[in-house]
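For reference, the structure is listed below as structure tokens.
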């Protein structure tokens, strides 16, 4: 399949943002993204002919933002509406090997859906984890260094080398990845053993135990992004769509070096290349 035949659903609702940056990232690499409102998938309150089905797409993206105002919990309302309207379609989409990605609020939505980490199936009835309030008690908007620690399971980062460092900015108030206390040791071990960890916060030396401010939220093991068992579902708290080009890096003005490619671009390229080979 050619890149321009890969259809990408950028799913949005009230309160989401970064849709445009995510759309532009896929468009610049030759794919065919489309902005789709949740109501179009639900089949309600839309103009005739504007309904959409997940079957029309190869990649589903949950952008960042504050969907539904992040009431109840971050991403909870978006996830609840998806479960009520398109649960079977989304499970089939994932089980058929199509790709699902989410950044920041998108990651929060995916955890609320249960599709990450997905230990108990593609979409368990209850969330298995949570993205809790930052330890600082504040909204943290800062450049963050990430170490790519995945050994090959994640299809979204096949274009990155293991232990490579990337600078990808964070902007969130609830990014602390947590499991239920009585099970956290066992479940964190599963993330490591099954190669589901993708990115960990680190310092300039690559130390993945570096504390705040390198870890902006206090997540145990400095977890920033994870994948599911098949590697086609990927969630990340920082925003790779914001550093598609080098000149949007916060240090660009001082250094003015390097290629035009930013540290987030390979994430989009990797999944496009995988989909083009698979379908």
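The values are calculated or read from the model by the stated rules, or taken from the named source; none is laboratory data. The structure presented is a predicted model; accordingly, all values stated were derived computationally and were not measured. Positions of Cβ are backbone-derived with ideal geometry, glycine not excepted, and every protein chain shown enters the neighbour counts.
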Check whether at least one residue in segment 104-125 is in contact with a helix residue (DSSP H, G or I) (Cβ under 6 Å, 6 or more places away or on another chain), in contact (Cβ under 8 Å) with a residue 40 or more places away in the chain, outside any helix (DSSP H, G or I) and closer than 30 Å to residue 141 by Cβ, and report yes or no. yes
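Among the candidates 31, 99, 80, 48, single out the residue that is more than 19 Å from residue 129 (Cα to Cα) and surrounded by fewer than 20 Cβ atoms within 10 Å (Cβ to Cβ).
Values: 31 fails: surrounded by fewer than 20 Cβ atoms within 10 Å (Cβ to Cβ); 99 fails: surrounded by fewer than 20 Cβ atoms within 10 Å (Cβ to Cβ); 80 fails: more than 19 Å from residue 129 (Cα to Cα).
Of 31, 99, 80, 48, the one residue that is more than 19 Å from residue 129 (Cα to Cα) and surrounded by fewer than 20 Cβ atoms within 10 Å (Cβ to Cβ) is 48.
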Of the residues 14, 112, only one is modelled with pLDDT under 95 and within 26 Å of residue 173 (Cβ to Cβ); which? 14
Any residue in segment 34-59 that's touching a residue at least 60 places away in the same chain (Cβ under 8 Å): show its pairings with residues that are crowded, with 16+ Cβ neighbours inside 10 Å and assigned to a loop (DSSP other than H, G, I, E, B) at Cβ separation under 6 Å, as long as the two are six or more apart or on different chains. 58/6; 58/98
